[in-house]
Amino acid sequence: MKKGLIMEGGAMRGMFTAGVIDVFMENKITFDGAIGVSAGAAFGCNLKSGQIGRAIRYNVDYCKDKRYCSMWSLLTTGDMYGADFCYHQLPEKLDVFDTKAYNENPMEFYVVCTDVLTGNPVYKNLSTTEDGYLEWIRASASMPLVSRVVKIGDYEMLDGGISDSIPLKYFESAGYDKNVVILTQPKSYVKQTNGMMPAMKLFMRRYPMMIKAMEKRHIVYNETVKYICEKEKKGEVFVIRPEDTLPLKRVEHNEDKLKETYKIGRKTAEKQLKSLVSFLEGE
């Protein structure tokens, strides 16, 4: 039996996930592997490094810093979330990411990106920090319109949520048969057609297959959620999700809302903790 954790993205809704995984770490809940998409990758990597509180700490500390996330950053660098600041200065100097602990933790850690040339998901195992792990996480979290395409080797990539927002099926195909899924939308949520598609088509005109992936994203997302709910009813997966729509925007500069969302994640995980342990320990 292999225990897996799947973490949805959602930009700053990821503060919910940060609260959940901090409760996991505090209660010594471990997994054989985890996979994160977009914010689920950017914040979820702290689970492997064992850094309780890091995600909420640096987001609160720098949420109003123009180098971290701002129109100034978008206009001057091409990325709303500044690539150099977010993926170098912050983890290497300002709120140091514990690469030693990350590398020593045997848990596998995967991220999902979207290949802009094919529109297909790219799944990358980042079990160590030796393979440009920060650039892969950056690619996974790079949203169209407000990010540059990230080039790694032969790949050109953007946000993993476009092609596989909740990669449960992938993890099942990789041999993970006891899975926990963290969602950042309530059960009632149904994804609609992206109202920004005209702008997306203009911005991504060099990548027709990417446009096709974005056009059908809501359909794929809703089908995936349906699949997860069916497995949840059968007791085959354990789902942690907010009860209501989270009280913040995808891009959020209000530290109180970030803290509130983080606390909702913590409370939700604590409420389900006993059931979660039973699920993970059951045969």
Practice task
Go through G82, G53 for me and flag whichever is closer than 29 Å to R266 by Cβ and open to solvent by less than 10 Å² (accessible area, probe 1.4 Å).
Solution key: G82
Completion exercise
Every listed condition ((1) modelled with pLDDT of 95 or more; (2) more than 18 Å from the chain's Cα centre (by Cα); (3) surrounded by fewer than 17 Cβ atoms within 10 Å (Cβ to Cβ); (4) over 25 Å from G265 (Cα atoms)) holds for N120 save (2)
Exercise for the section: Given the conditions (1) more than 30 Å from S70 (Cβ to Cβ); (2) polar (S, T, N, Q); (3) surrounded by 19 or more Cβ atoms within 10 Å (Cβ to Cβ), report the number of the one that T261 does not fulfil. Expected result: (1)
Exercise for the section: Could you run through segment 12-37 and say how many residues are under 8 Å from the mean Cα position of the chain (by Cα) and open to solvent by 10 Å² or more (accessible area, probe 1.4 Å)? Expected result: 0
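Just the residues that are crowded, with 19+ Cβ neighbours inside 10 Å and part of a helix (DSSP H, G or I), please, taken from segment 227-237.
Matches in segment 227-237: I228 only.
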Practice task
Give, as residue ranges, the helices (runs of 4 or more DSSP H) completely inside segment 124-226 that count at least 1 residues that are crowded, with 21+ Cβ neighbours inside 10 Å and not hydrophobic (A, V, I, L, M, F, W, C).
Solution key: 133-140
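Among the residues of segment 235-264 satisfying the criterion of being aliphatic (A, V, I, L, M) and touching a residue at least 60 places away in the same chain (Cβ under 8 Å), which is farthest from G19 (Cα to Cα)?
V237
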Completion exercise
Looking across segment 98-117 at residues that are among the hydroxyl-bearing types (S, T, Y) and in contact with a strand residue (DSSP E or B) (Cβ under 6 Å, 6 or more places away or on another chain), the single one that is surrounded by the fewest Cβ atoms within 10 Å (Cβ to Cβ) is Y110
Completion exercise
Going through segment 69-121 in order, the residues found to be over 19 Å from R57 (Cβ atoms), of a type in the set (D, E, K, R) and touching a residue at least 24 places away in the same chain (Cβ under 8 Å) are D79, E108, D115
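The values are calculated or read from the model by the stated rules, or taken from the named source; none is laboratory data. Bear in mind that the values here come from a model prediction, so they are computed numbers and not experimental data. No Cβ is skipped: glycine too gets one built from the backbone with ideal geometry, and neighbour counts run over all protein chains shown. Only protein heavy atoms, including side chains, enter the accessible area calculation; ligands, DNA and RNA are left aside. Shrake-Rupley method; radii C 1.70, N 1.55, O 1.52, S 1.80 Å.
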